[in-house]
Amino acid sequence: AIKGFVFDLDGVITDTSVFHSQAWHQIADKVGVSWDDQLADALKGISRMDSLNLILARGHRENDFTPDQKAALAAEKNTNYLALVNQMTPANILPGITDFLAELQAHGYAMSLASASKNAPLVLSKLGLGHYFTKAVDPATLTHGKPDPEIFRRGAEILNLSPAECIGVEDAAAGVQSINGAGETSIGIGDPTVLAAADINFTDTTQLTLANIQSQLVTA
Ligand code: G6P
Ligand code: MG
């Protein structure tokens, strides 16, 4: 039986995936790499340095920067991103999420966070949702980022649950792959063609209710 939920943050709980995209778009422009929706989707869920490497590779510029220059570009992206995060309030919580978290808590489900973002604690505090996620995987302790299963496996472990007892919630293809690899049930939020690998697909966060999940699990 399902006893816990492991959540991605950016693009699931809050609209920060747009902020990450905006901040990276500025860097892509700076290094002369053209930006499109496909690149934006490919960056979702991917760690900071993996994201920069992907952008540079798209422009065939992967050998044009020293490690120090790359560190500076990643730091500049984070400065761009933090400028946006610092303006966040609970209004940036995606529709339906507050109700869903309260519903899960009322029904006694355990919850943890499996975000690749080193800014996750700051974002949660801006949203006022820190109390729901006292258990979170620290991305600095991971050997492999998404799509590797490590982060979602750890998200179950910190709840003292087996992966089979957990549902993972993601907006990124790399994240759905991580959930599936960990052996958890996956919910993909967003374009079902991008997230075709998910066990359950919802087009947006308003569909996240226990009733909707239960009916999807029965028909699956
Ligand atoms: C999340 C986001 C990614 C971001 C990554 C690292 O997974 O979906 O877009 O690159 O976190 O975030 P950070 O805040 O540590 O740069
Ligand atoms: Mg995400």
Among K70, K30, K118, which one moves the most in a GNM of the chain with springs linking Cα atoms closer than 10 Å? K30
Across all directions of projection, what mean area in square nanometres is found for the Cα convex hull of the chain? 11.5
Cut-off 10 angstrom, C-alpha nodes, Gaussian network model of the chain. Which of T14, T141, T89 fluctuates the most? T141
Between T209 and S34, what FRET efficiency comes out of the Förster formula 1/(1 + (r/R0)^6) with R0 = 41 Å and r the beta carbon distance, rounded to 0.05? 0.55
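May I ask you to derive the FRET efficiency for L84 and A164 from their Cβ-Cβ distance with R0 = 41 Å, giving the value to the nearest 0.05? Could the numbers behind the result be given before it?
Details: r = 38 Å, r/R0 = 0.92.
Efficiency for this residue pair is about 0.65.
Nearest 5 percent is fine: what portion of the DSSP beta bridges confined to the chain is antiparallel? Please list the in-between numbers first.
Values: 1 of 18 bridges.
Here the share of antiparallel DSSP bridges comes out near 5 percent.
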Please give the residues of the range 13-39, grouped as numeric ranges, whose backbone N is less than 11 Å from a label point set 7 Å along the Cα-to-Cβ vector of E76. 26-32
Listed residues G190, G145, G32; largest mean-square fluctuation, Gaussian network over the chain with Cα springs below 10 Å, found at G32
Taking 0.36 nm per intervening residue step and subtracting the Cα-Cα distance, what contour gain separates E62 from A106 on full extension? 10.9 nm
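First measure r as the distance between the Cβ atoms of L54 and S125, then evaluate 1/(1 + (r/R0)^6) with R0 = 22 Å and state the FRET efficiency to the nearest 0.05.
Values: r = 29 Å, r/R0 = 1.31.
With a Förster radius of 22 Å, E is 0.15.
Of K70/K135; K77/K135; K30/K135; K44/K135, which ones are farther than 30 Å apart at the Cα? Show your work: numbers first, answer last.
Values: K70/K135 32 Å; K77/K135 27 Å; K30/K135 37 Å; K44/K135 22 Å.
The pairs that break the limit, which is 30 Å between Cα atoms, are K70/K135; K30/K135.
Where a number appears in this text, it was derived from the coordinates with a stated rule and is not lab data. For clarity, every value in this text was computed on a predicted model and none was experimentally measured. Neighbour counts run over all protein chains shown; Cβ positions are idealised from the backbone, glycine included.
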